[in-house]
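Shown next, in structure tokens, is the structure this report addresses.
The values are calculated or read from the model by the stated rules, or taken from the named source; none is laboratory data. Keep in mind the model is a prediction, meaning the values are calculated, not measured. Because the Cβ atoms are built from the backbone with ideal geometry, glycine has one as well, and the counts that use them run over all protein chains shown.
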Amino acid sequence: MEKTLRRVLVGNYEDLPEGFGKTVVIEDQEVAVFKLDSGEIRAIENKCPHRGGVLAEGFVSGEHVFCPMHDWKISVKDGKVQEPDEGCVQTFETEIENELVYLLLKS
Amino acid sequence: MPKQRLVLIGNGMAGIRAVEELLKRKPNQFDIVVFGTEPYPNYNRIQLSKVLQGDTQVSDITLNEWQWYEDNNIRLYPGETVINIDKEKQLVLTDKDRQEAYDYLIIATGSNPFMLPLPGADKEGVTAFRDIKDCEKMIEYSRKYKKAAVIGGGLLGLEAARGLLNLGMDVDVIHISDFLMERQLDRAAGELLQKELEQQGMNFLLNKSTTEITGKKRVTGLKFKDGDSIDADLVVMAVGIKPNVALANESGIEVNRGIVVNDYMETNVPNVFAVGECAEHRQMVYGLVAPLYEQGQALAKRICGVDDKGYQGSVLSTQLKVSGVDVFSTGKINEDENSKAIKLYDEWNGVYKKVVVEDGILTGSVLFGDTKERTKLLSFIKKGARVEEYLESTSSDESESDIVASMPEDEVICGCNGVTKGTIVEAIKTKDLTTLEEVKGHTNASRSCGTCKSLVNDLLKLTLGDEYSADQKESICACTTLTKDEVIAKIKEKGLTNTQQVRDVLGWTSKGGCSKCKPALNYYMGMLNPKGYVDEKESRFVNERLHANIQKNGTYSVVPRMYGGVTNSDDLRKIADVADKYEVGMIKLTGGQRIDLVGIEKQDLPSIWADLDMPSGHAYAKGLRTVKTCIGASFCRFGTQDSVGMGVDLEKKFEGLNTPHKIKMSVSACPRNCAEGAVKDVGVVGLDGVWEIHVGGNGGTEMRKADLLCKVKTSEELMEIVGAFLQYYREEANYLERTSAWVERVGIEHVKAIIVEDKVKRAEYYARMEEALSVIKEPWKETIENPTLLRDLYEKVNVAAEAK
């Protein structure tokens with residue numbers, strides 16, 4: 001079973017903004033990377049399952065982000081859309097090493 | 001357990017209030033007997049002056065009906081006086097030979113009027129002003145005679161004099177001091193009061209000392225120390241009261257000026273209490289109603305075994321209940337070598353204000369003519385606030401509702417009946433009360449002197465939310481139960497400086513807030529403290545955070561500022577060049593006469609702005625969007641005013657302002673209203689020599705025709721009215737409430753009253769508008785000059801394609 005992970009650099013931990021996301025463009029895909037107020041780093045697909053809104057620009061509260069298009073509330077931990085709406089977005093693993101933040105992508 | 005026997009001597013306000021407090025805490029546990037010398041149930045002595053004026057019956061001022069005594073199994077003996085207390089056997093004896101044993105005895109014998117021991121004081125036609133009997137006597141005299149003389153120019157004397165005027169008598173007020181109410185007012189206020197009352201028809205003889213009441217059997221006049229004399233058919237002595245301590249004294253209870261009590265209203269004799277005007281607490285004897293009720297509470301708690309700090313003394317305040325006169329005083333009224341005063345004296349309007357400050361602490365105040373600040377001052381003086389806090393509150397112009405919002409739950413709102421804010425708010429909530437009358441009925445608040453009515457109304461408003469009469473309390477969002485007004489009051493009260501603090505301190509259920517409250521709190525805090533608040537990017541909706549409108553595909557649009565919708569060839573060339581350079585998806589004219597460059601990538605925004613070198617058009621903002629104009633008098637054959645020039649001025653003045661929701665304006669130069677002012681938040685229409693200002697219009701989801709606010713002649717007036725209007729909207733509206741919804745909600749008449757008719761208010765709002773405007777920065781320029789903003793907000797991380 002092929003499970004090679006590709007590690008891509010997002011940037012310095014210190015340089016990541018809090019309260020809204022950082023957009024990472026990987027070819028034709030975008031990932032929204034969030035630094036939560038707990039200090040954790042989380043990454044999800046930068047595309048709301050509703051109408052494709054850019055989640056990196058949404059309000060962040062705790063472990064959730066509110067899509068700026070139509071205010072869907074989505075967990076940045078498991079990618080689940082919160083009620084009353086339904087759906088989910090892809091989540092990505094992250095890693096911090098020597099103050100640098102990496103995204104782990106499945107090849 | 002057998003019931004405990006409680007005897008109350010004195011069927012007046014203080015004693016009955018203490019009984020009510022007892023019943024509230026322990027119903028059915030006392031066998032209560034009440035003796036009262038007057039043949040009435042407990043009535044509101046404060047409102048005797050109304051009875052005197054002849055249009056109020058005793059039943060109208062009755063506080064406890066006969067039925068109340070029955071309902072509570074109280075044996076009332078009206079017209080019966082206790083003549084002896086046997087403290088050893090715990091018995092009282094009455095003038096009708098009745099004996100009652102007690103476990104607890106409350107003495108609430110009140111005061112007696114102080115009668116000057118003048119020669120002739122026993123003649124017919126000489127009376128005090130203390131009870132219903134006195135009132136009846138005065139009314140009877142007014143039917144037969146013409147000339148009344150009131151000795152005493154204090155609170156009581158002036159109310160008596162006003163009553164006698166109403167009864168159609170000529171009234172001379174004789175006062176020993178050289179200005180009125182010298183115990184409650186300073187000279188300036190006393191003299192203003194005199195002027196006002198003279199206009200009402202009173203005649204004053206100041207600096208006069210009465211030496212004799214003349215006449216045979218019946219009074220015919222007064223003689224004075226200086227040799228003068230006057231005629232009088234009725235003489236009312238209102239020189240003061242003295243505690244009625246005779247019974248206590250004869251019964252061997254410790255008496256000084258009043259019956260001496262401790263903090264629990266206990267006398268030196270076990271199980272014997274004293275409350276009200278007859279009691280002396282920490283060397284103070286109170287002759288006003290408010291402390292009497294606080295004492296009643298302390299007493300009831302003691303008897304019921306409630307652990308309590310007891311009665312701590314009172315800060316008194318005075319209000320004169322004479323129509324047309326607003327006068328208020330509290331605490332220390334005269335400055336001396338240790339204190340300084342803040343004074344405001346407006347002789348023209350008859351307004352005077354003095355605040356006494358000692359070592360930086362507010363210790364007293366006198367207000368005349370305008371007593372709006374009384375609640376605030378009383379609250380500040382009670383808690384010993386520092387002068388800075390007061391001055392700050394004056395400059396931020398807290399309204400009364402802000403004051404009640406910031407009061408602690410246990411603060412007494414109705415001093416007369418000792419009703420706290422908490423009690424009132426709880427009653428409003430649990431009993432679904434919506435009117436002042438209902439609150440009165442359920443809590444006793446505002447039932448006596450009525451001066452707290454406005455506070456009770458404010459509490460209703462505060463508790464019921466903006467829909468004051470509609471009984472709906474609307475919280476900011478699901479993270480809290482607090483309304484916008486409550487949150488604002490708390491922000492002010494606690495000096496909160498960022499939105500996270502607000503959420504933490506005010507107990508938000510979601511620590512990080514939500515998409516509703518985050519931008520709302522950020523707006524409110526910036527509005528409250530334009531100079532000190534640091535705007536939070538993370539609390540801004542994406543459009544306002546990035547200063548561009550997000551489109552459905554994640555691209556953005558750019559609208560440069562074109563004041564009044566006027567552009568020029570240079571700007572157009574720059575726009576065209578930028579459109580080419582960045583391959584802009586579409587160039588579109590907006591509804592507000594601007595050019596919109598659509599379909600721009602986020603990371604290109606800063607360089608486009610740099611290339612354009614034009615200010616932001618704020619097309620994304622909860623703020624001033626555009627001022628649309630017609631061509632105006634310079635070109636149009638119908639135009640009467642320079643609409644373009646006015647539009648440019650308005651737009652330059654208010655650009656960049658944060659408001660609860662977007663603001664669209666227009667200026668037209670004639671009634672054809674080509675700039676469509678009827679559907680704008682502010683629509684200005686020029687007529688010959690006059691500008692009409694219309695507000696609250698909307699052409700979108702909340703379609704509404706604007707209301708005419710007013711007409712003005714000059715551009716200065718126009719700017720001030722529009723500025724004050726916008727500031728009022730900024731302060732009062734809910735976040736995301738358009739002016740159309742807001743004006744509809746509060747009513748245009750209300751807006752007119754504040755912004756058009758009240759020049760002082762208008763100036764205050766305009767001044768705060770100027771402050772808000774003073775801190776505005778052009779956002780595009782600010783961004784391109786700030787590397788951190790550029791990195792955090794606009795840069796994406798681009799990951800190179802994987803080598804295959």
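Structure notes:
- The listed residues are B:A478, B:A489, and the only one of them that is more than 14 Å from chain A (Cβ to nearest Cβ) and either part of a loop (DSSP other than H, G, I, E, B) or modelled with pLDDT of 90 or more (or both) turns out to be B:A489.
- Checking each residue in region A:68-80 for being in a loop (DSSP other than H, G, I, E, B) and at the interface with chain B (Cβ under 9 Å from one of its Cβ atoms) picks out A:P68, A:M69, A:D71.
- Some residue of region A:81-100 being facing chain B (nearest Cβ under 9 Å) and in contact (Cβ under 8 Å) with a residue 40 or more places away in the chain: no
- A:L16 vs. criteria touching a strand residue (DSSP E or B) at 6+ places or on another chain (Cβ under 9 Å) and either buried (at least 18 other Cβ atoms within 10 Å of the Cβ) or outside any strand (DSSP E or B) (or both): yes
- Per-region count, region B:716-739, residues in contact (Cβ under 8 Å) with a residue 40 or more places away in the chain and out of contact with any strand residue (DSSP E or B) (no Cβ under 8 Å at 6 or more places or on another chain): 12
- Restricting the search to strands (runs of 3 or more DSSP E) fully inside region B:674-790 and requiring at least 2 residues that are in contact with a Lys or Arg (Cβ under 6 Å, 6 or more places away or on another chain) gives B:690-695.
- Of everything listed in (1) farther than 29 Å from B:G599 by Cβ; (2) within 14 Å of chain A (Cβ to nearest Cβ); (3) at pLDDT 95 or above, the single unmet condition for B:K511 is (3).
- Of the strands (runs of 3 or more DSSP E) lying entirely inside region B:508-614, the ones with 1 or more residues being over 51 Å from the mean Cα position of the chain (by Cα) are found at B:586-589, B:595-600.
- Residue match in region B:446-457 (condition: at pLDDT 85 or above and more than 15 Å from the chain's Cα centre (by Cα)): no
- In the condition set (1) touching a Pro at 6+ places or on another chain (Cβ under 8 Å); (2) in a strand (DSSP E or B); (3) free of Cβ contacts under 8 Å to residues at least 60 places away in the same chain, B:Y77 is compliant with all but (1).
- Looking at region B:184-240, none of the strands (runs of 3 or more DSSP E) lying wholly inside it contains 3 or more residues that are not assigned by TED's automatic domain parsing to the domain that holds B:K137.
- Screening A:I44 on (1) more than 18 Å from A:R6 (Cα to Cα); (2) surrounded by 14 or more Cβ atoms within 10 Å (Cβ to Cβ) shows it passes everything except condition (1).
- Set B:T659, B:T629: member being closer than 19 Å to B:V566 by Cβ and among the β-branched types (V, I, T): B:T629
- Boolean, B:E159 is at negative phi, outside the structural domain of B:Y40 (by TED's automatic domain parsing) and over 37 Å from the mean Cα position of the chain (by Cα): no
- Qualifying residue in region A:53-67 (condition: free of Cβ contacts under 8 Å to residues at least 12 places away in the same chain, over 17 Å from A:E97 (Cβ atoms), in contact with a helix residue (DSSP H, G or I) (Cβ under 9 Å, 6 or more places away or on another chain) and small (G, A, S)): yes
- Residues of region A:20-52 that turn out to be closer than 19 Å to B:G512 by Cβ and facing chain B (nearest Cβ under 9 Å), as a count: 5
- Residue that is nearest to the other protein chains (Cβ to nearest Cβ) [pool: residues in region A:53-66 that are part of a loop (DSSP other than H, G, I, E, B), in contact with a Lys or Arg (Cβ under 8 Å, 6 or more places away or on another chain) and not aliphatic (A, V, I, L, M)]: A:G62
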